[in-house]
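Asks: Right, I'll just put the structure down here and ask away after.
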Amino acid sequence: MNILVIGEKPHYAAFLEKGGLSGHRVQQVTSLERTGSLTAYELVIDLNFDEHTERAGVYARFPQVPVLASMVRTSLSELMNNYAFEQGFSIIGCNWLPGFLTMPVMELSVIDHGQLTSLADIMSALGWEYEIVEDRVGLVTPRVICMIINEAYMAAQEGTASREDINTAMRLGTNYPMGPFEWCDKIGIRNVCGVLDAVYRATGNERYKISALLAREAGMDVAVM
């Protein structure tokens, strides 16, 4: 396949660790604006679509080109409400956040079940395992992990336990590969806040309201979250 990957170089370097690209032609760019027409590509992988949802308008002009777009802070249904996709819907939601890129099974969301056949062919060609999950803000794993990180920050803020002890308890008690503060470092603290804020706005569930300590360390004003 001829594949276009959109993302900054550090993010792209982390993405390459996933593997599966051997034998495919891959071009990396930092901005879609540098690309022009997408007709030369059989697949677009957008690592930072959450920060550039206006790209949906461009993708709408090339409905024949599937787009695996990082969509954790928005949803496909929200995109449908904001953009016209009269020629077809090419975007597939997935989790390209740092810290999740090399997970053995990818979470994908679709809004048009007609995409499933071509999606299966793409994933087979890349050798990637995947599961279809519900189209909702936060998907499944990012929503859960970021909530756990938030609760860990609350516990640290209240003096319940040290960060090291919380990390150890999660690794040993739940068999998680990393403790919540280690996960936070991998994902990026501002990414964690972005996911929590998006899920909180979508659900109103207080469990996702960013803790004061987490917001402060991320350099954000919790009062406006």
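The values are calculated or read from the model by the stated rules, or taken from the named source; none is laboratory data. Keep in mind that this is a model prediction, so the values were computed, not measured. Methodologically, a virtual Cβ is constructed for each residue, glycine included, from the backbone with ideal geometry; neighbour enumeration extends over all protein chains shown. Heavy atoms of the whole protein, side chains included, go into the accessibility calculation; ligands, DNA and RNA do not. Shrake-Rupley method; radii C 1.70, N 1.55, O 1.52, S 1.80 Å.
Asks: Mind telling me which of the residues Ile111, Ile122, Ile132 ends up being open to solvent by less than 40 Å² (accessible area, probe 1.4 Å) and either in contact with a strand residue (DSSP E or B) (Cβ under 7 Å, 6 or more places away or on another chain) or free of Cβ contacts under 8 Å to residues at least 60 places away in the same chain (or both)?
Replies: Ile122
Asks: Still on this structure: How about the stretch 40-51: which of its residues are open to solvent by 60 Å² or more (accessible area, probe 1.4 Å) and more than 11 Å from Ile3 (Cα to Cα)?
Replies: Glu51
Asks: Could you go through the stretch 206-218 and let me know if any residue there is closer than 20 Å to Glu78 by Cα and of a type outside the set (Ser, Thr, Tyr).
Replies: no
Asks: Output the strands (runs of 3 or more DSSP E) that fall wholly within the stretch 1-107 and possess 2 or more residues being under 15 Å from the mean Cα position of the chain (by Cα), or say none.
Replies: Once the strands (runs of 3 or more DSSP E) in the stretch 1-107 are filtered for at least 2 residues that are under 15 Å from the mean Cα position of the chain (by Cα), what remains is 2-6, 43-46, 67-70, 91-94.
Asks: If you scan the stretch 135-186, which residues turn out to be open to solvent by less than 20 Å² (accessible area, probe 1.4 Å) and in a loop (DSSP other than H, G, I, E, B)?
Replies: Answer for the stretch 135-186, where residues must be open to solvent by less than 20 Å² (accessible area, probe 1.4 Å) and in a loop (DSSP other than H, G, I, E, B): Val137, Gly138, Leu139, Gly179.
Asks: Now for a separate question. Which members of the stretch 81-127 meet the condition of being closer than 20 Å to Phe62 by Cβ and of a type in the set (Phe, Trp, Tyr)?
Replies: Matches in the stretch 81-127: Tyr83, Phe85, Phe89, Trp96.
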